[in-house]
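The structure appears below as structure tokens.
The values are calculated or read from the model by the stated rules, or taken from the named source; none is laboratory data. In this text, all values refer to a predicted model and were calculated from it rather than measured experimentally. Positions of Cβ are generated from backbone atoms using ideal geometry, with glycine treated the same way; all protein chains shown enter the neighbour counts. Heads up: the accessible areas ignore ligands, DNA and RNA and are worked out on the full protein's heavy atoms, side chains in. Shrake-Rupley method; radii C 1.70, N 1.55, O 1.52, S 1.80 Å.
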Amino acid sequence: MKKTVFLWLLLIAVQLVSSQEKLTNLLELKKNSKNEIFHNLGKAVKDGGFYMKGYWVWDNSVIKGDDGKYHLFSSRYSDTIVFHPGWMVSSEIVHAVADRPEGPFHFVNKALSARGAQYWDGRSTFNPQIFKHKGKYYMFYVGSTHPFEEAKKGELTTESKWCIVGRSNKRVGVAVASSLDGPWQRMDRPILETEPNTFYSFLTSNPTMVINDDDSVLMIFKAREYEGNVHGPMSLGVAFAKNIMGPYEVLNNKKAVFDAKVTGELEDPFLWKDKSGYHVTFKDHKGKYTSEWGGGVLAHSVNGIDWKMDSDPKAYSKTIQWDDNTLEKRGQIERPFILFENGKPRCMYFSTMDGQGGFENGTYSGIVTVPFTNNKQ
């Protein structure tokens, strides 16, 4: 009995030492990092973010409203179906509000819900990014549709008819409103269609953009191309429009600026612009630049077309330190979004899932908030 207790205590001690070593290593890595994001990321707020019981929650875009509160636009769908590919076929975009940027955010209303299979975004909406421009609110997002009945538990897989059709119908669109509470005016057509014999012949998705003072828009988007009768890997391209509502033209001679066959698969871009040019952070899907599958990368561009990876590219890790000083490696950490206030980064938001990695291994998902340490408002 004494031997068993001793071994149990020894195991706990080893785990504590191991955890402390990992924390020390993470803090040392951030301290020595020359990456402007990673070096300045603080502790994740455990009682912040956004979660909803009974739902998978994903996607995050935050804006400060005229009411002084912080408004989050996210997507959700019932956790009675599998996380992946549930978002492709039955997601809706929701609106939540918090008194402070860290949260916690509380559900207010639905922003974009199902509206009929005959619409391009009639069955699923997700991946919103919200802007206020010249008195109106613009929400860029991804929509999809399919002609099938609702999938029952156990029927929805990546090889199922729902996923095959839902994935191939993914397109980028925009909705407009006079208030963050809506109603949102949706368009009958997406703003970024597919085009044969291009890297975006199969789908367009995951938009992130900068809206300029003259109403023009520079957008980075994710795409896949047809390779025979199936889709290829994820690449990122750039599109431009003189007006928010379009038409949008794919730049770089309709070639990807981050070609998966050259740069590796990158996804979930977040784009912003300052005096030095354009900047984007995205998920290093296979760990090519960060040595961490699913970690974050930072890149820079003067014109939005020619990009260079940061000299110290790692922008974030799947391992986070909570504000109670505990350390946790998340199963997934994706969809980076930075809230800027007074021209400085205030908080970074991520869509995250528990588990050992892989969407099939998570039991819940939600939005986590990580304040920046160099911006005390």
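I need to check one value: relative contact order of the range 147-256, counting alpha carbon pairs closer than 8 Å and at least 6 residues apart, in percent. Kindly include the intermediate steps, with their values, before the conclusion.
Details: 187 pairs, mean separation 19.7, N = 110.
This gives 18 percent for the range 147-256.
With a Förster radius of 30 Å, plug the Cβ-Cβ distance of ASP66 and PHE240 into 1/(1 + (r/R0)^6) and report the FRET value to the nearest 0.05. Given R0 = 30 Å and the Cβ-Cβ separation, E is 0.50.
Charge dipole (Cα centre; +1 on Lys/Arg Cβ, -1 on Asp/Glu Cβ; no other charges) of the chain amounts to roughly 440 debye. For the range 50-124, the share of alpha carbon pairs falling in successive 10 Å distance bins from zero is 20, 47, 26, 7 percent. Once C-alpha pairs closer than 8 Å and six or more residues apart are averaged by separation and normalised to the residue number of the range 67-206, the relative contact order reads 21 percent.
With the convex hull of its Cα atoms as the shape, the range 175-233 has an orientation-averaged projected area of 5.7 nm². Of the labelled figures (i) 20.8, 76; (ii) 21.5, 66; (iii) 26.3, 82, only one reflects Rg and Dmax of the Cα atoms in Å as derived from the coordinates, namely (i).
Candidates ILE81, SER113, VAL165 compared by Cα position along the dipole of the chain: farthest toward the positive end lies ILE81, with charges placed on Cβ.
Suppose R0 equals 25 Å; then what is the FRET efficiency for SER216 and MET187 from their Cβ-Cβ distance, rounded to the nearest 0.05?
Numbers: r = 19 Å, r/R0 = 0.74.
Given R0 = 25 Å and the Cβ-Cβ separation, E is 0.85.
Sequence-distant contacts, meaning Cα pairs under 8 Å at least 6 residues apart, place the relative contact order of the chain at 15 percent. If the chain linking THR363 and GLU159 were pulled fully straight, counting 0.36 nm for each residue of separation and taking away their Cα-Cα distance, it would gain 71.3 nm.
Note on PHE107 and ASN252: with the Förster distance fixed at 35 Å, the Cβ-Cβ geometry gives a FRET efficiency of about 0.30. When the Cα positions of PHE270, SER301, ALA260 are compared along the charge dipole of the range 259-336, ALA260 comes out farthest toward the positive end, with charges on each C-beta of Lys, Arg, Asp and Glu. Between SER291 and THR373, full extension at 0.36 nm per residue minus the direct alpha carbon distance yields a gain of 27.0 nm.
For n ≥ 4 DSSP H runs only, could you compute -39500 (n - 2.57) per run for the chain, divide by its residues and tell me the 222 nm figure to the nearest 500? Don't jump to the answer; show the numbers that get you there.
Values: 4 runs with 51 residues, N = 377.
The helix contribution divided over the chain gives -4500 deg cm²/dmol.
Over 28 Å apart at the Cα level, from the set LYS255/LYS344; LYS242/LYS273; LYS30/LYS53, are LYS255/LYS344; LYS30/LYS53.
Accessible area, 1.4 Å probe, largest first: how do TYR138, TYR289 sort?
Values: TYR138 30, TYR289 65 Å².
Descending accessible area places them as TYR289, TYR138.
Within the shell of other residues whose beta carbon sits under 13 angstrom from the beta carbon of ASP47, the net charge comes to -1, with Lys and Arg scored +1 and Asp and Glu -1. Considering only VAL176, ILE191, ASN212, the residue lying farthest towards the positive end of the dipole of the range 117-250 is VAL176, judged by Cα position with unit charges set on Cβ. Taking every protein chain into account, the 1.4 Å probe leaves ASP306 with about 100 Å² of accessible area, to the nearest ten.
Oblate is the label for the range 231-377, because a/c, from the alpha-carbon gyration tensor with a ≥ b ≥ c as root eigenvalues, is 1.5 or above and a/b does not exceed b/c.
What's the local net charge at VAL250, with K and R +1, D and E -1, over the other residues with C-beta under 15 Å away?
On the way: positive: ARG171, LYS222, ARG224, LYS242, LYS254, LYS255; negative: GLU193, GLU195, GLU225, GLU249, ASP259.
Around VAL250, the surrounding residues sum to +1.
Around TYR70, with a cut-off of 9 angstrom between Cβ atoms, what is the net charge of the other residues, counting Lys and Arg +1 and Asp and Glu -1? The partial results should precede the final answer.
Working: positive: LYS64, LYS69, ARG100; negative: ASP99, GLU102.
With Lys, Arg at +1 and Asp, Glu at -1, the net is +1.
If you run the Gaussian network model on the chain, springs between alpha carbon atoms under 10 Å, then out of GLY48, GLY358, GLY304 the most flexible one is GLY358. Charges were assigned to the Cβ only: +1 to each Lys and Arg, -1 to each Asp and Glu. The resulting dipole of the range 73-228 about its Cα centre is roughly 220 debye.
Return the carbon/sulfur percentage of the accessible area of the range 147-273, one whole number, probe 1.4 Å, all protein chains in place. Numbers along the way, then the final one.
Values: 2780 of 5810 Å².
Ligands and nucleic acids excluded, carbon and sulfur give 48 percent.
The mean accessible area for residues of the range 199-283, using a 1.4 Å probe and ignoring ligands and nucleic acids, is 39 Å² per residue.
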